[in-house]
């Protein structure tokens, strides 16, 4: 503890006991957002009430049927879809430490993460089972791979068990500085490293950047390309909207054309992606795409070239926010307004 930095948490005071999964679901229902749309994806829309109920059912299943205990590490393998968000929130409610991973990882890469984090449980979209099962076969730590349905059908082992459960769940009484998430870096300097993030950290990024810089309101609709497995994506496409009663649209294949379609269909207001995608959007607008609903374009992941910024400002008159973030810091910590 002697090496621990001093945390200056002025304006970010949270109760001693805090569960981020509850704050982003049940607490939002209590605040009157129950009928607001929380998540859109794979042809379904889910309200905050539906999300709270769904995550509580899954949390029951994890604890009662699979024996997940507070502090257990739970890996989630999925593309960006509402089911992945539900699994992450449910495991968080159960007091687990979650490790979100990208669908493109192969068994060898998954094994590095499993070994480093000593992961016992994996929740896997049934469409992505092969590499996960291959990883578990030789693993010292991974005891159980549980399939969930990443489509909207609730037709997999975890879903079927969850559907028998109560929609009320007494979440684990986690401390505000208990670890909730292990964010793995991309491993550019050798094997991937895990960074620890507390329950309060998951809220601080929303109560800081999303509130102060983005000014998120319940009317906002978020869209973006980063995987939820990256903390950039988890913040921008799950934590930020859910913290303020807004809507997240999730795309399994977030190519620029797909994002343009989502922006036009759902009148998305806040976009998170890289400069290359904004270039494509600028061209699409030249060809008649209506992206006028966007009020804020957040650019990160690579350096924002001045010509892209200038062209965006000229075309839309709305700000493009260039953010610097890092897995180690959870999300954007330096940004223009």
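The values are calculated or read from the model by the stated rules, or taken from the named source; none is laboratory data. These numbers come from a predicted model, not from an experiment. Methodologically, a virtual Cβ is constructed for each residue, glycine included, from the backbone with ideal geometry; neighbour enumeration extends over all protein chains shown.
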*Determine, yes or no, whether residue 194 is in contact (Cβ under 8 Å) with a residue 40 or more places away in the chain and within 16 Å of residue 116 (Cβ to Cβ).*
yes
*Scan the stretch 235-246 and report the pairs whose first residue is closer than 14 Å to residue 208 by Cα and whose second residue is part of a helix (DSSP H, G or I), with Cβ atoms within less than 6 Å and a gap of 6+ or a chain change.*
235/205; 239/202; 239/206; 240/206; 240/210; 243/206
*List every residue pair whose Cβ atoms sit under 7 Å apart, with the two residues 6 or more apart in sequence or on different chains, where the first one lies in the stretch 132-143 and is farther than 18 Å from residue 100 by Cβ and not assigned by TED's automatic domain parsing to the domain that holds residue 113 and the second, anywhere, is modelled with pLDDT of 95 or more and assigned to a loop (DSSP other than H, G, I, E, B).*
none
*Among the numbered criteria (1) without any contact (Cβ under 8 Å) to a residue 60 or more places away in the chain; (2) in contact with a strand residue (DSSP E or B) (Cβ under 6 Å, 6 or more places away or on another chain), which single criterion is violated by residue 158?*
(1)
*Among the residues of the stretch 67-75, is there at least one that is touching a helix residue (DSSP H, G or I) at 6+ places or on another chain (Cβ under 9 Å), touching a residue at least 60 places away in the same chain (Cβ under 8 Å), part of a loop (DSSP other than H, G, I, E, B) and surrounded by 15 or more Cβ atoms within 10 Å (Cβ to Cβ)?*
no
*Just one of 317, 323 is farther than 28 Å from residue 28 by Cβ and either modelled with pLDDT under 95 or not assigned by TED's automatic domain parsing to the domain that holds residue 52 (or both); which is it?*
317
*Looking at this structure, is residue 127 modelled with pLDDT of 95 or more and farther than 23 Å from residue 164 by Cβ?*
yes
*Among the residues listed as 12, 33, the single one being surrounded by fewer than 17 Cβ atoms within 10 Å (Cβ to Cβ), touching a residue at least 40 places away in the same chain (Cβ under 8 Å) and either over 24 Å from residue 91 (Cα atoms) or not assigned by TED's automatic domain parsing to the domain that holds residue 249 (or both)*: 12
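I'd like to check something: does the stretch 212-228 contain any residue that is surrounded by fewer than 17 Cβ atoms within 10 Å (Cβ to Cβ) and over 24 Å from residue 37 (Cβ atoms)? Steps first, answer last, please.
Within the stretch 212-228, the first condition is being surrounded by fewer than 17 Cβ atoms within 10 Å (Cβ to Cβ), and the residues that meet it are 212, 215, 217-219.
Retained after the next criterion (residues that are over 24 Å from residue 37 (Cβ atoms)): 212.
Checked against the condition, which is being surrounded by fewer than 17 Cβ atoms within 10 Å (Cβ to Cβ) and over 24 Å from residue 37 (Cβ atoms), the stretch 212-228 yields at least one hit.
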